[in-house]
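Here the structure is laid out as structure tokens; the discussion comes afterwards.
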Amino acid sequence: MNIESAGESLPLLEGLRTARAMRRLKPDPVPIELIRKVCEAGTFAPSGGNRQPWQFIAVTAPERRAYIASLYRARFREYIRPAVEAALDPTYPDAKRRNMKAAIYLAEHLHEAPVHLFVAGWTRRGAPQSQALFPAIQNILLACRAVGLGASLTTAHRADGEEIDRYLGLDPVKTPSIALIPIGWPKGRFGRPTRRSIDTCFFVDAVPEQVG
Ligand SMILES: Cc1cc2nc3c(=O)[nH]c(=O)nc-3n(C[C@H](O)[C@H](O)[C@H](O)COP(=O)(O)O)c2cc1C
């Protein structure tokens, strides 16, 4: 595959409208140069004072992914059990059930994702700067969409944040990881995510009184 031309022709707005969370991934390897390219897209994001506090760590070694996945899976099962149970209830709204099932699938198959991309960043006055990293994270998700890679945003690993940060060679106090983006070639197709209509959340000048 030509890394240089990958993703360069997809119109921006079409890409972002169809960048749903892709959690079912093939185990096939992904060229590390392509991962570098989507991370470079991350570096074009804005950040406060243009401090650019990000660090991107792409975990590819199978035994390292297996370890990370084992922690993620255990925490996911522990914390998200009520949502998991709701997802199994057939009376639960369809879209929510699909979404939750995909999240469960990811938790059970995370080790198969060929790349576990962690986004970490410098703390400021002792606090993690999530807001400085999320624009870069979104750029990465969109760049993955452009080059045809499946990706999704997760943060559940934070429950074991310190342990995982040390495992990645990060100082959990100075540069904690904020997000884990599992990346791989998608099993399914890109498509429009389920979202409420813009008509329910766009206002001019002021929000009418009846809207909460
Ligand atoms: C801050 C944040 C944290 C998230 N953490 C997780 C997570 O730990 N695990 C997971 O499966 N999805 C996680 N998600 C992904 C959302 O669940 C996902 O965007 C949502 O299901 C919508 O999917 P869709 O774009 O396909 O509609 C997170 C999303 C955000 C914005």
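The values are calculated or read from the model by the stated rules, or taken from the named source; none is laboratory data. Everything quoted here is computed from the prediction, not taken from an experiment. Neighbour counts are summed over all protein chains in view; Cβ atoms, including those assigned to glycine, are modelled from backbone coordinates with ideal geometry. Accessible surface is based on the protein model in full, side chains and every heavy atom, while ligands, DNA and RNA are left aside. Shrake-Rupley method; radii C 1.70, N 1.55, O 1.52, S 1.80 Å.
The figures follow:
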| quantity | calculated |
| --- | --- |
| With DNA, RNA and ligands ignored, accessible area of Ser9 (1.4 Å probe; Å², nearest 10) | 110 Å² |
| Accessible area per residue, Å², the chain with all protein chains present, probe 1.4 Å | 57 Å² |
| 27 Å Cα-Cα reach of Lys187 towards lysines, excluding residues that sit fewer than 8 places from it in its own chain | Lys26, Lys37, Lys96, Lys101 |
| In the stretch 1-89, trypsin sites (Lys or Arg not before Pro) in a DSSP loop with at most 14 other beta-carbon atoms within 10 Å | Arg51 |
| Label point at Arg166 placed 7 Å out along Cα→Cβ; residues across the stretch 30-65 whose backbone nitrogen lies under 19 Å | 64-65 |
| Total charge dipole magnitude, the stretch 27-141, about the Cα centre, Cβ charges on Lys, Arg, Asp, Glu only, Debye to nearest 20 | 400 debye |
| Listed residues Leu88, Gly49, Gly148: farthest to the positive end of the dipole of the chain (Cβ charges) | Leu88 |
| Dipole magnitude of the stretch 123-212, debye to nearest 20 (Cβ charges: Lys/Arg +1, Asp/Glu -1, about Cα centre) | 340 debye |
| Probe 1.4 Å - accessible area at Asp160, Å² to nearest ten | 20 Å² |
| Candidates per trypsin sites (Lys or Arg not before Pro) in the stretch 112-212, loop by DSSP, up to 11 other Cβ within 10 Å | Arg125, Arg189, Arg195, Arg196 |
| Unit charges on C-beta of K, R, D, E only; dipole of the stretch 27-68, Debye | 160 debye |
| Exposure of Val30 as accessible area (Å², to 10), given a probe of 1.4 Å and all protein chains | 20 Å² |
| Shape category assigned to the chain from the gyration tensor of Cα positions, a/c cut at 1.5 | rounded |
| Separation of the Leu88 and Lys187 label points, Cα + 7 Å toward Cβ, nm | 1.9 nm |
| Mean residue ellipticity (222 nm) of the chain, computed from DSSP H runs ≥ 4 via -39,500 (n - 2.57), nearest 500 | -12500 deg cm²/dmol |
